[in-house]
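Here's the structure, in structure tokens; my notes come after.
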Amino acid sequence: MSEPRHQHWWTQGPTGEWVCTDCGETCATCGTCGRATGGALLLCDPCHARERQVLADIEHAIGLYLPSPGRSPYSSARMDAMRVAGSKAARVTDPEDSIDSTLFGWVALWTEASGDAQNLGALEYLAGHLLWAAHNPDASRWEAYRKSIRAQRGAARRVAQIAPQPQPAPCIHCGGKVVQDWADHDWNPLKTGLSDVHRCTGCGTTWGDHAHWRFAQRHTIFALPTDDPDRLVTLADARTIFPDVPAGTWRTWIKRSRDEHARTVAECDAWDDRWTAYEDAGYLGPIPEAPEIVEAVCSRGETDQKVKLYRLGDLDALAMRRVSETRRGRPASAMQLTGSTVC
């Protein structure tokens with residue numbers, strides 16, 4: 001009767017090596033996730049399985065799009081054509097052809113770098129060379145490959161029409177992406193078509209249908225000034241949260257607050273000399289009043305575009321003052337919240 005296999009308990013040492021706390025055996029570090037591989041390989045089993053699964057997901061999606069085996073874009077004949085053409089593939093416009101071109105581009109790169117040309121389909125070739133690629137990250141462009149291949153998986157799912165359908169507004173709980181599903185957990189198309197359920201890909205919250213999602217969203221947006229007054233929002237967000245306040249009014253209020261703050265700062269600068277003696281004696285000089293509307297600037301999007309943000313509590317105070325009965329003149333009328341959403 002064979003003895004049970006020893007269970008290693010890996011601990012990373014001060015120099016980065018992994019050592020079993022029970023037997024003292026060492027192992028390599030996975031170059032992908034940084035964890036112990038359990039042996040001499042530089043790719044751990046979980047990472048290896050994940051990379052193989054990405055390729056399997058692409059094959060599954062394309063199989064839904066092209067159910068006929070004769071039309072498979074990953075046949076060895078197509079690989080022969082790519083090998084002849086090299087990396088300079090012709091410009092393609094069809095999404096499926098674009099996926100095909102990208103996959104065979106990686107095959108051509110790995111074939112040249114490894115010197116191991118095989119008459120295999122693209123997915124089969126890539127799956128069989130994952131260990132080589134992980135051990136030769138520079139030659140295989142491992143990290144670029146992993147990013148690219150996941151993009152191709154998303155493209156393949158869109159081609160097969162099983163990719164989730166995104167909604168225009170984020171989750172009201174975590175800010176994640178809200179989607180409706182065309183497929184089940186195994187990425188097989190739903191028999192009923194597009195699901196009514198709205199699902200957050202971040203926190204996993206679900207809403208039974210579009211009406212429930214919109215109701216929860218509108219209620220949460222309406223409560224934002226009270227529940228989260230320190231949140232920074234754009235003017236577009238403010239127009240959604242306070243639909244009764246015209247866009248021009250917001251611009252006027254912000255300009256007035258900015259100008260008033262600049263005036264008080266200038267006055268304090270002019271008074272600095274008069275306060276020198278008091279400051280030397282331990283007193284503080286004149287401090288300008290804080291602006292009525294706190295303004296900040298941040299970067300958003302891939303273009304690093306600068307966006308001006310404003311504290312929601314400050315905007316709420318101005319909006320409430322606008323409809324107050326004690327306001328001089330006729331108070332503005334408040335409208336009900338519309339169906340718009342915070343971006």
Could you pull out the pairs from Lys147/Lys177; Lys255/Lys308; Lys147/Lys306 whose alpha carbons sit more than 23 Å apart here?
Lys147/Lys306
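Once you have the Cα-Cα distance between Cys23 and Asp184, take 0.36 nm times their residue separation minus that, and quote the gain in nm to one decimal.
Numbers: separation 161, 0.36 × 161 = 57.96 nm, distance 4.47 nm.
Gain on extension, Cys23 to Asp184, equals 53.5 nm.
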Sort the range 138-222 into rounded, prolate or oblate with this rule: let a ≥ b ≥ c be the square roots of the eigenvalues of the Cα gyration tensor; rounded if a/c is under 1.5, and if a/c is not under 1.5, prolate when a/b is larger than b/c, oblate otherwise.
oblate
Rounded, prolate or oblate: which fits the range 148-196 when a ≥ b ≥ c are the square roots of the eigenvalues of the alpha-carbon gyration tensor, with rounded for a/c under 1.5 and prolate only if a/b beats b/c?
oblate
Using only the heavy atoms of the protein chains and a 1.4 Å probe, how would Trp253, Trp9, Trp187 rank by accessible area, largest first?
Trp9, Trp187, Trp253
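The values are calculated or read from the model by the stated rules, or taken from the named source; none is laboratory data. Keep in mind it's a predicted model, so treat the numbers as computed, not measured. The accessibility values were calculated without ligands, DNA or RNA, using every heavy atom of the protein model including side chains. Shrake-Rupley method; radii C 1.70, N 1.55, O 1.52, S 1.80 Å.
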